[in-house]
Amino acid sequence: MRKRIIQIILFVIGLSLCLYFLIPRDQEPPAPVSGNLTVHYIDVGQADCALLECDGKFLLIDGGNVEDSSLVVSYLQKIGVERLEAVVCSHAHEDHVGGLPGVLALFPTAAVYAPTNTYSSQCFDDFLRYTDQQRLSVTIPKAGDTIPFGDVTVTVLGPLKSYADPNNTSLVLRVDFGETRFLFTGDMETDAETDLLDAGADVKADVLKVGHHGSNTSTGYRFLREVNPKWAVISVGTDNSYGHPHEEPMSRLRDAEVTVYRTDKMGTILAVSDGKAVTFSWKNSTVQPESTGERTPMSYIGNINTKTLHSSDCGSLPDPKNQILFDSYEAAIEAGYKPHNSCLG
Ligand SMILES: [Zn+2]
Ligand SMILES: [Zn+2]
Ligand SMILES: [Zn+2]
């Protein structure tokens, strides 16, 4: 009887040891990567268009305005695209969906994604019509879904809900390749940025496609701090009527010591990842990216008297003797501080 119990105990110990070595640990190394991932931020003026290329496979995120359609089609033809693994429409506005019908009319596509399949505009109707012509229907992905694209992991982070504003309803994609990450946010504004952060989304990325062409309605202080990119790309038109990019997000990017590439000055921008590092090249090579000097660490500063929390670049910081420094937003909120509306609202 005793011998039997010892046998059972030894068996259980043996089994747990096997399981210990079989169950993957948290710190798993990234999956092996073959070749490179190239992200083409195609210069379509005041609009968005990015082509992902890896191992001879292609995925298109947005297609510029209707008038950019032939430019985008000829760019794709020039680099040898014959078919697309996926076409993604970040949201229904013309400067994102406009060029996609022309692409769908010519290139066989495996799947089409958008945050909605109803929007009343001629170019969105055309987008639906050419999707249908390929015998496809628009897939509306949920947060957490992935879009198949070879060795590249494309994860849908948002939108987390449907907003009245199509910009906030933009599809948010995190593109992981080896140890490198790219974030695409369409025209997402601060409301949806805040909802993503509150839901604990992992937005950390090396390269950020700056939301909404550099409008001050996007790239909030807290969002930028969490993404913590080394590089940012702004897809924006020369002398556009919106005044994009706005000075406020540019100053936040400078404070965070992000190197900024912009299509209005540099033309089409390529970012190449080998799975470990990212290197950039661009069309107008006489123009240099906007790089920053001294790094001012982004932090949160509380007023110990009013219990108000500010960004470190806020214009109305309390007197130094009344300041308390927090290194995370959550820690400050837990300590009972309330975000100041004009810098963190
Ligand atoms: Zn836009
Ligand atoms: Zn938009
Ligand atoms: Zn403030």
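Tabulated data for the structure shown
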quantity	calculated
For q = 0.12 Å⁻¹, Debye-computed log10 I/I(0) when each Cα of region 201-345 counts as one equal scatterer	-0.55
Translational diffusion of region 123-197, µm² s⁻¹ [Kirkwood Rh, Cα pairs; Stokes-Einstein; 37 °C; 0.692 mPa s]	240 µm²/s
Charge dipole of the chain about the Cα centre (unit charges at C-beta), most positive-ward option of N240, C54, M188	C54
Debye, to nearest 20: dipole size of the chain, +1 on Lys, Arg Cβ, -1 on Asp, Glu Cβ	1440 debye
Cβ-derived FRET efficiency at R0 25 Å, D125 paired with S162, nearest 0.05	0.80
For the chain, calculated [θ]222 nm from helices alone, where every DSSP H run of n ≥ 4 adds -39500 (n - 2.57)	-7500 deg cm²/dmol
Net dipole in debye of region 300-344 [+1 Lys, Arg Cβ; -1 Asp, Glu Cβ; about Cα centre; nearest 20]	180 debye
Fully extended contour minus Cα-Cα distance, from S70 to I333, at 0.36 nm per residue	89.7 nm
Residue-by-residue Karplus 3J(HN,Hα) for region 96-109, coefficients 6.51, -1.76, 1.60, Hz, glycine and proline x	10, 9, x, x, 6, x, x, 5, 5, 5, 10, 10, x, 10
Using θ = phi - 60° and Karplus 6.51 cos²θ - 1.76 cosθ + 1.60, couplings along region 150-159 (whole Hz; Gly, Pro as x)	x, 6, 9, 9, 9, 10, 7, 9, x, x
Extension gain from K283 to K204, taking 0.36 nm per residue of separation minus the Cα-Cα distance	25.7 nm
Distance cut-off 11 Å, percentage of C-alpha pairs in region 300-344 lying past it	58 percent
Residue exposure sequence - K209, K307 - by fewest surrounding Cβ within 10 Å	K307, K209
Value in Å of the Kirkwood radius, where the chain supplies the Cα pairs that are averaged	21.8 Å
Neighbour-count ranking [beta-carbon atoms within 10 angstrom, fewest first] of Y329, Y41, Y242	Y242, Y329, Y41
Cross-link pairs beyond the 19 Å C-alpha cut-off, checked among K78/K283; K204/K265; K78/K265; K209/K230; K204/K230; K57/K265	K204/K265; K78/K265; K57/K265
Sorted by Cβ density within 10 Å, fewest first, the residues R262, R135, R174, R129	R135, R129, R174, R262
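Bear in mind that the values in this text are calculations on the coordinates, not laboratory data. The model shown is predicted, which means the values in this text are computed figures rather than measured ones. Virtual Cβ from ideal backbone geometry, glycine too; neighbours counted across all protein chains shown.
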